[in-house]
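The values are calculated or read from the model by the stated rules, or taken from the named source; none is laboratory data. Owing to the predicted nature of the structure, the values given are computational and were not obtained by experimental measurement. Reconstructed Cβ throughout: ideal geometry from the backbone, glycine too, with neighbour counts over all protein chains shown. For the accessible areas, the whole protein counts, side chains as well, though only heavy atoms, and no ligand, DNA or RNA atoms are used. Shrake-Rupley method; radii C 1.70, N 1.55, O 1.52, S 1.80 Å.
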2 protein chains.
Amino acid sequence: MATDTGKECWVGFDLGGTKMLATVFDADFRPLGRRRRKTRGHEGVDVGIKRIVRTIHEALQEAKLDPARITGIGIGCPGPIDPDRGIVLDTPNLGWRNVPLRDLVRQEFDCDVAVVNDVDAGIFGEYRFGAARGTRCAVGIFPGTGIGGGCIYEGRIFRGAAVTCVEIGHTYIAPPGGLSGVGRKGTLESVASRLAIAAAAAQAAFRGEAPRLMQEAGTDLANIRSSMLASAIAAGDRAIERIVREAAEQLGIAIANVVHILAPETIVLGGGLVEAMPRLFVDVAGQAARRLVLSPYVDTFKVLPAELGDDAGVLGAAAWAREVVGGKLRVTSDE
Amino acid sequence: MATDTGKECWVGFDLGGTKMLATVFDADFRPLGRRRRKTRGHEGVDVGIKRIVRTIHEALQEAKLDPARITGIGIGCPGPIDPDRGIVLDTPNLGWRNVPLRDLVRQEFDCDVAVVNDVDAGIFGEYRFGAARGTRCAVGIFPGTGIGGGCIYEGRIFRGAAVTCVEIGHTYIAPPGGLSGVGRKGTLESVASRLAIAAAAAQAAFRGEAPRLMQEAGTDLANIRSSMLASAIAAGDRAIERIVREAAEQLGIAIANVVHILAPETIVLGGGLVEAMPRLFVDVAGQAARRLVLSPYVDTFKVLPAELGDDAGVLGAAAWAREVVGGKLRVTSDE
């Protein structure tokens, strides 16, 4: 059944807060099959793992490949991960804690599985195949429901001893406080994530300051998607534009901090919000960061939009799995 | 004249905002001679370079070593450095900008010279010989006139492509504003450096809330040294204790940010302020950071006081010079 028997075959998996995506790649990281599905993290870990496994199986079917043909699987997940043991430590957006994802998936597919942070996977994808190709130090910031971050330093994912890091969304750019709608008050997430923006936008709509958004999405946060914010701005909702610009300014402060700490050459902005309004985010956040850094850093970095869209995460996860596993060919009994 | 002819001999130099220190080391980094002097950066670059050269010569005299015996010199300087070209890019505390320090010193001593950021040197010293020995990722934060930072990642100084980084003092932990007394408003330096603390302490003294400090130092910032803050607290100046605790809390926010971004196992606090009040800084900042990080990070890091005092910078600069130069023995004509 396999179309290219005997060659390497990698699966990249992106486990997001709202959707999951599996893509099967050949040895040159050309896509052979893919499958997308809602995540529904609140249904619990057991249901979630079954859903992940089924999604991979269906992507394999589309690729016309037997599961025994998989060389390795790379999975990107939100939040801090123990990358050596493949454990999801804490993902508020899924409600998962200390989930041994690597072993659970390995049981099903009997191949090497690498678990990484989702934005580490995304920026590794952009580093290998997209906007950050060949950069010595590249940082990814992907605003979504929360705000994830990742860093590639001299060709490798930058990480802690037993935990992933570059959790930019959880850094403080204002005095810390108790819980806000998204994470702790004072953190970047609490002011610049899609959820924070949607909350401010819903208030504007409720007050009658954003007629187009009101018409399209109403005041229910769950309905206010990135594309609707973009179309409300395009249609003249000035209040929404002010809210998004303010969020991008806050992102610029976090970028200035990242430049002062990591001095990356490239900062890639990705995720749904940025995809919907790439110029607004890249320009406003980039200009704010440039205004806020010490003079020796002003010309050391570029802020760029991601190039690969949804493919960054699956490509990066698959390519990183290959780095870790070392591209060993699997010897299977069915060939 | 030399005491151990033919062996390696390294000079470590620490160029601080207020004082400079040169130490001559043997191949095992045992000190052979040292010399300390005021920096007087405001007298300009030419005078400054002459002063550096004279200080090194005098340390060599104390070590009874001929200048031709030096294998290499490592110099730590505040602010961002171009480490490959040995250029001091911008040090507001010295008033120096784009100074080709490496070449200027090399002209005099005709040996390899490595220029690094001062806290990169300090944390490399602590990593090789002190509080952070053998750590995979160690961050140094040294509050002084400003607040410097540095990071050792997997045995090497973490750096940008053409600039040093981990400039923690210049990261924003509050909304950015115009210039404050130290750097930009909103940065860690503007609220937790010795200068910021001294300014608040002088106000307290002026208002009659810090009788002991008033008696010892008056209201002139230049007189309020770290040791006086410590003795005022010991003598019962509660207002001064509140001011220092508040600064340490702010340092804790910056540490939480560093943990979220770099996930170091060790954070070493050093410099004059911390040396004068080590427990207060380490405990208050460490507890604040632990309270502010995401749960998976709570037990991943230690906050420790520096162990080597003033020796950290010179030891680290000399040991780093050896890393970079590779410990090549110099062939000299006088032996």
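So the values come out like this:
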| quantity | calculated |
| --- | --- |
| Residues located in the range B:212-233, provided they are part of a helix (DSSP H, G or I) and small (Gly, Ala, Ser) | B:Ala217, B:Ala222, B:Ser226, B:Ser227, B:Ala230, B:Ser231, B:Ala232 |
| Test set (1) at pLDDT below 90; (2) within 20 Å of B:Asp310 (Cα to Cα); (3) of a type in the set (Ser, Thr, Tyr) - B:Thr3 fails condition number | (2) |
| Selected residue (criterion: farthest from the other protein chains (Cβ to nearest Cβ)) from residues of the range B:86-108 that are closer than 19 Å to B:Ala161 by Cβ and free of Cβ contacts under 8 Å to residues at least 60 places away in the same chain | B:Arg102 |
| Residue, most open to solvent (accessible area, probe 1.4 Å), within the range B:167-178, restricted to residues that are within 8 Å of chain A (Cβ to nearest Cβ) and part of a loop (DSSP other than H, G, I, E, B) | B:Pro175 |
| Boolean, B:Ile49 is buried (at least 16 other Cβ atoms within 10 Å of the Cβ) and in a helix (DSSP H, G or I) | yes |
| One residue from A:Glu323, A:Glu307, A:Glu241 being surrounded by fewer than 19 Cβ atoms within 10 Å (Cβ to Cβ) and in contact with an Asp or Glu (Cβ under 7 Å, 6 or more places away or on another chain) | A:Glu307 |
| All strands (runs of 3 or more DSSP E) inside the range A:59-120 with 2 or more residues being within 14 Å of the chain's Cα centre (by Cα) | A:72-77, A:112-117 |
| Candidate set from the range A:187-200 (those that are open to solvent by 10 Å² or more (accessible area, probe 1.4 Å) and among the small types (Gly, Ala, Ser)); member that is farthest from the other protein chains (Cβ to nearest Cβ) | A:Ala199 |
| Residue in the range B:261-283 that is nearest to the other protein chains (Cβ to nearest Cβ), counting only those that are surrounded by fewer than 24 Cβ atoms within 10 Å (Cβ to Cβ) and either outside any helix (DSSP H, G or I) or without any contact (Cβ under 8 Å) to a residue 40 or more places away in the chain (or both) | B:Glu265 |
| A:Gly181 vs. criteria more than 14 Å from chain B (Cβ to nearest Cβ), open to solvent by 10 Å² or more (accessible area, probe 1.4 Å), within 13 Å of A:Val119 (Cβ to Cβ) and not polar (S, T, N, Q) | no |
| B:Gly286 in a helix (DSSP H, G or I) and under 16 Å from B:Thr23 (Cβ atoms) | no |
| The range B:147-166, subset assigned to a loop (DSSP other than H, G, I, E, B) and open to solvent by 10 Å² or more (accessible area, probe 1.4 Å), residue nearest to the other protein chains (Cβ to nearest Cβ) | B:Ala161 |
| Tally, over the range A:52-84, of residues that are farther than 16 Å from A:Ala27 by Cβ, among the polar types (S, T, N, Q) and open to solvent by less than 10 Å² (accessible area, probe 1.4 Å) | 1 |
| Residue list for the range A:121-146, restricted to those being part of a helix (DSSP H, G or I) and either touching a Cys at 6+ places or on another chain (Cβ under 6 Å) or open to solvent by less than 20 Å² (accessible area, probe 1.4 Å) (or both) | A:Ala121, A:Gly122, A:Ile123, A:Phe124, A:Gly125, A:Glu126 |
| Test set (1) surrounded by fewer than 19 Cβ atoms within 10 Å (Cβ to Cβ); (2) β-branched (Val, Ile, Thr); (3) touching a residue at least 24 places away in the same chain (Cβ under 8 Å) - B:Thr219 fails condition number | (3) |
